[in-house]
Amino acid sequence: MESLLYLYQYQIQKFVNSSAGSQLGVAYEWKGEDVYHAYLEYPQIAPSGYAVACLFLKAACKADYENAECFAGNLMNQDASMARLGMVVVFCMENGRLLKRAFVPNDSARCVRIEYVPDKSNLYTRSKGLIEVGALEKRHVLIVGLGSGGATIAVELAKAGVGNFALVDFDRLELHNIARHIAGVNELGRLKTNIVRDAILGKNPYANISTHPVDIMKDIPLIEQLVSGTDLVIAATDSLPSRYLLNSLIIKHKKTGLFGRAVTRAEGGDVLRVRPGGPCYACLKGSQWYTQEEEITDLRRARETGVIPAYTSEEDADAMVQVGLSTDIAPINTMVVKLAIQELSRGTECLITTLDKELDYDFYMWANRRELHFANWAPFNHNPGRKKPTILQWYGVKFPKSCDCHECRNY
Ligand SMILES: [Zn+2]
């Protein structure tokens, strides 16, 4: 029988170079799969699986290395804190080469194969060529709102190689979020900032992430500082006042901002890009040609913010909390991610710049279904000359800066 054990290269290097002869760590096992991940220090990423004690040893000579089972057995008999060891990893230097092996105490029939989780330089070799990883690694993104939009976008940007994140959301994960959020039932109750931080670190353990579980409307100096220090702002909040606040800070600090949202029941959605000197969120609001309606997915929040008036009965309010399908939100998230990568990779050589003609609009609209606000949109593949917007295809719009916009006219 063979088990597979993953070790983290940077931790092992630290241990091997230290003066310690042994160190107690922890291994997490996926029961029934014979797969373990072992750590010498508490991992940045919340681990999964069942925890077992794991002993790391440095053998002084080859004989000790080969007799480590005896050494571990004696230790388990003598020291009560070692009695429940589930894994032992042994290292030995031989002619400048680091030997390594691992075993499960009291299970001599089991072989353990060791694999390393590599350090930074080796992690992204697969995406090299498409995205110049080194360039995005230095970029910084601020994401405000970590629901089904912001959380997904954050993880996609981490996969693309973005190296620095500031995450803002004061909410915790609740049961009604699960169907559309990246997190599962095992993370119920956690702060969304921490859930998304862990998800990013799961893709890129070397990302720099700051988390801010605050309501931006109650800590404006903080959000202003975060906006001023970032390359790109992604506004994925579900309240109008917070979007207006982000809009004015984006303009003030001459940043680029992306505003993504889904409308009622995710029948469609849109993405607005605010660029220095260009039209802003407030310019759009004055000339918006369809609903300003927000998607309501959280009954308590909708009550608190007055989106559902206090006199609405519980039954009617329930009907107003209309949850769209995750798959209907996915196109909006994907467009935000494409625009974000385009913005972040400006000045670098990477293939995504060949989309510069398509990704040249201020406002992008998407309809999932021909109903309600999109009832007049043309059917898919049934739109000669593409004169009208079509469902299931992006529709890009350029619009002028509004000369009487109170937010951006002075910039
Ligand atoms: Zn404006």
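The values are calculated or read from the model by the stated rules, or taken from the named source; none is laboratory data. None of these values were measured; they are calculated from a predicted model. In this analysis, Cβ positions are derived from the backbone assuming ideal geometry, glycine residues included, and neighbour counts consider all displayed protein chains.
Counting only residues that are in a loop (DSSP other than H, G, I, E, B) and in contact with a strand residue (DSSP E or B) (Cβ under 9 Å, 6 or more places away or on another chain), which one in the stretch 390-411 is nearest to the ligand (Cβ to nearest atom)?
Narrowing the stretch 390-411 to residues in a loop (DSSP other than H, G, I, E, B): 391-394, 398-411.
Adding the requirement that they be in contact with a strand residue (DSSP E or B) (Cβ under 9 Å, 6 or more places away or on another chain) leaves 391-394, 398-399, 408.
Working: Ile391: 29, Leu392: 30, Gln393: 28, Trp394: 23, Lys398: 14, Phe399: 10, Cys408: 3 Å.
In this case the residue turns out to be Cys408.
Would you confirm whether any residue within the stretch 347-359 is within 16 Å of the ligand (Cβ to nearest atom), among the basic types (Lys, Arg) and part of a loop (DSSP other than H, G, I, E, B)? Lay out the reasoning, then the answer.
Going residue by residue through the stretch 347-359, those that are within 16 Å of the ligand (Cβ to nearest atom) are none.
Within the stretch 347-359, none of the residues are within 16 Å of the ligand (Cβ to nearest atom), among the basic types (Lys, Arg) and part of a loop (DSSP other than H, G, I, E, B).
What do you reckon, is Leu191 over 17 Å from Leu136 (Cβ atoms), in contact with a Pro (Cβ under 8 Å, 6 or more places away or on another chain), in contact (Cβ under 8 Å) with a residue 12 or more places away in the chain and not aromatic (Phe, Trp, Tyr)?
In short, yes.
Among what's in the stretch 332-353 and is modelled with pLDDT under 90 and not charged (D, E, K, R), pick the residue that is nearest to Leu232 (Cα to Cα). Spell out the reasoning first.
Start the filter on the stretch 332-353 by keeping residues that are modelled with pLDDT under 90, which leaves 345-353.
Restricting the remaining residues to those that are not charged (D, E, K, R) gives 345, 347-348, 350-353.
Numbers: Ser345: 11, Gly347: 15, Thr348: 16, Cys350: 18, Leu351: 20, Ile352: 17, Thr353: 17 Å.
Per the stated criteria, the residue is Ser345.
Please work out which one of (1) within 16 Å of the ligand (Cβ to nearest atom); (2) closer than 24 Å to Asn164 by Cα; (3) modelled with pLDDT under 95 is the condition Leu284 fails and give its number.
Here Leu284 meets the rest and fails (2).
Only one of these conditions is not met by Asp362: (1) modelled with pLDDT of 90 or more; (2) away from the ligand (no atom under 16 Å from the Cβ). Which number is it?
Condition not satisfied by Asp362: (2).
Residues being assigned to a helix (DSSP H, G or I) and not basic (Lys, Arg): count how many of those fall in the stretch 148-174. Can you show your working first?
First, the residues of the stretch 148-174 that are assigned to a helix (DSSP H, G or I): 150-160.
From the residues that got through so far, the ones that are not basic (Lys, Arg) too are 150-158, 160.
The qualifying residues number 10.
Among the residues of the stretch 204-239, write down those that are closer than 20 Å to Val162 by Cα, at pLDDT below 95 and surrounded by 18 or more Cβ atoms within 10 Å (Cβ to Cβ).
Once the filter is applied, which keeps residues that are closer than 20 Å to Val162 by Cα, at pLDDT below 95 and surrounded by 18 or more Cβ atoms within 10 Å (Cβ to Cβ), the stretch 204-239 yields Asn204, Ala207.
Failed condition for Leu344, given (1) under 19 Å from Val271 (Cβ atoms); (2) touching a residue at least 60 places away in the same chain (Cβ under 8 Å); (3) out of contact with any Lys or Arg (no Cβ under 7 Å at 6 or more places or on another chain), with all others met?
Only one criterion in (1) under 19 Å from Val271 (Cβ atoms); (2) touching a residue at least 60 places away in the same chain (Cβ under 8 Å); (3) out of contact with any Lys or Arg (no Cβ under 7 Å at 6 or more places or on another chain) is unmet by Leu344, namely (3).
Kindly indicate whether any position in the stretch 100-122 is within 21 Å of Pro331 (Cα to Cα), part of a loop (DSSP other than H, G, I, E, B) and modelled with pLDDT under 95.
Going residue by residue through the stretch 100-122, those that are within 21 Å of Pro331 (Cα to Cα) are none.
No, that holds for no residue.
Say whether the condition of being within 16 Å of the ligand (Cβ to nearest atom), within 21 Å of the chain's Cα centre (by Cα) and not hydroxyl-bearing (Ser, Thr, Tyr) is met by at least one residue in the stretch 199-216. Before you say what the answer is, go through the steps one by one.
If we filter the stretch 199-216 for residues that are within 16 Å of the ligand (Cβ to nearest atom), which is where we start, we get none.
No: zero hits.
Could you tell me which residue of the stretch 365-389 is nearest to the ligand (Cβ to nearest atom), considering only residues that are of a type in the set (A, V, I, L, M, F, W, C) and modelled with pLDDT of 85 or more?
First, the residues of the stretch 365-389 that are of a type in the set (A, V, I, L, M, F, W, C): 365-367, 372, 374-375, 377-378, 380.
So of that shortlist, the ones also modelled with pLDDT of 85 or more come out as 365-367, 374-375, 377-378.
Numbers: Met365: 19, Trp366: 23, Ala367: 25, Phe374: 26, Ala375: 29, Trp377: 27, Ala378: 30 Å.
By that ranking, first place goes to Met365.
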